[in-house]
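A short worksheet on the structure shown next.
What follows is calculated from the coordinates using simple rules that are stated; it is not laboratory data. Computed from a predicted structure; not experimentally measured. Glycine also receives a Cβ, built like all others from the backbone with ideal geometry; neighbour counts cover every protein chain displayed.
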């Protein structure tokens, strides 16, 4: 039973919806760009308004009571209607955005995407701020749902039904080695490739997909060193006989800086799909939609992804 004598504040229902969809006070605070005390204060007002606890804590999640489940469908319907009405009459201006977005990028994409992306933001949204984070594949679904990250650009991942995705492009692999490497004259044979010593890159200790595929075929490479970034791995490759297998789009940057050359990977692989991931709760967020589209277009248009294959 509600308390009609309490002052009605529509923002309280945004908090109710955020806690319900995000499953916790901390996650709701991130989504609404509010502090946790502010969310807790609003929840207390809602509890008084409805004369019901609304949520009870179970482990790390806030579980809705029967009263909450009863009213949420109508609350969400009205919130969407109000939001649509507001957006229909409000003029969106990217130049006015004064906020921060958190994106999940591999170091490869940081190098390719950030220079042109920041150049575009400098004129279109100069006050917008970006934090780049490395997210383990197994954590992407949870981080997007909890609001810990806004957008992830990565290979094809297993995500839940509430995570949206869009295919950006397909990436291929090449083999990088020092310029005067014994195998540099080519063509690089599969047997020579498998017999050589190798570098691998795995920032979070995850299995390298290429080695998983080779193992399924009963083959294996000898990995002498595993680095956290391609930047470090390229420096090692330039000063050793170790081979580095890496995305084609990333090779040009390092071959301009280091005495490196590349050969086609002598193993037939399907192109690696690169996708953008975001939580469906962001679909109606105009700022997120604008930023998401800008990032996707910047990556898809990057010249590094459109260099004709030499093989």
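Only helices enter the 222 nm calculation for the chain: every DSSP H run of n ≥ 4 contributes -39,500 (n - 2.57), and dividing by all residues gives -13500 deg cm²/dmol, rounded to 500. The angle between the Cα long axis of helix 248-257 and the main principal axis of the chain comes to about 70°, on a 0 to 90 degree scale. Placing a pseudo-label 7 Å from each Cα along the Cα-to-Cβ vector at residue 215 and residue 63 gives an inter-label distance of 3.7 nm. Fewest-first ordering of 206, 171 by other beta carbons within 10 Å of each residue's beta carbon gives 206, 171. Looking at region 173-264, the DSSP beta bridges with both ends there are about 55 percent antiparallel. Relative to the dominant Cα principal axis of the chain, helix 66-89 is inclined by about 80°.
In this simple spin-label model, placing a label point 7 Å from the Cα along the Cα-to-Cβ direction at both residue 268 and residue 123 gives a separation of 4.6 nm.
Panel order for 75, 159, by other beta carbons found within 10 Å of each beta carbon, from fewest to most: 75, 159. Of 140, 15, the sequence from fewest to most neighbouring Cβ atoms within 10 angstrom is 140, 15. At full extension, residue 114 and residue 232 could sit 40.6 nm farther apart than now, given 0.36 nm per residue minus the alpha carbon distance. Looking at the chain alone, DSSP beta bridges between its own residues are antiparallel in about 65 percent of cases. Under 19 Å from a label point set 7 Å out along the Cα-to-Cβ vector of residue 142, the amide N atoms of region 154-194 belong to 157-164. The C-alpha atoms of the chain define a longest principal axis, and helix 10-22 lies at about 40 degrees to it. State the Cα centre-to-centre distance between region 260-306 and region 211-244 in whole Å. So the separation of the two Cα centres works out to 24 Å. Using a Gaussian network model of the chain in which every pair of alpha carbons under 10 angstrom is joined by a spring, one finds that among 95, 73, 287 the greatest mean-square fluctuation is at 73. Between residue 202 and residue 131, the FRET efficiency from the beta-carbon distance, with R0 = 22 Å, is close to 0.50. Calculated FRET efficiency, residue 297 and residue 99, Cβ-Cβ r, R0 22 Å, to nearest 0.05? So, using R0 = 22 Å, E works out to roughly 0.65.
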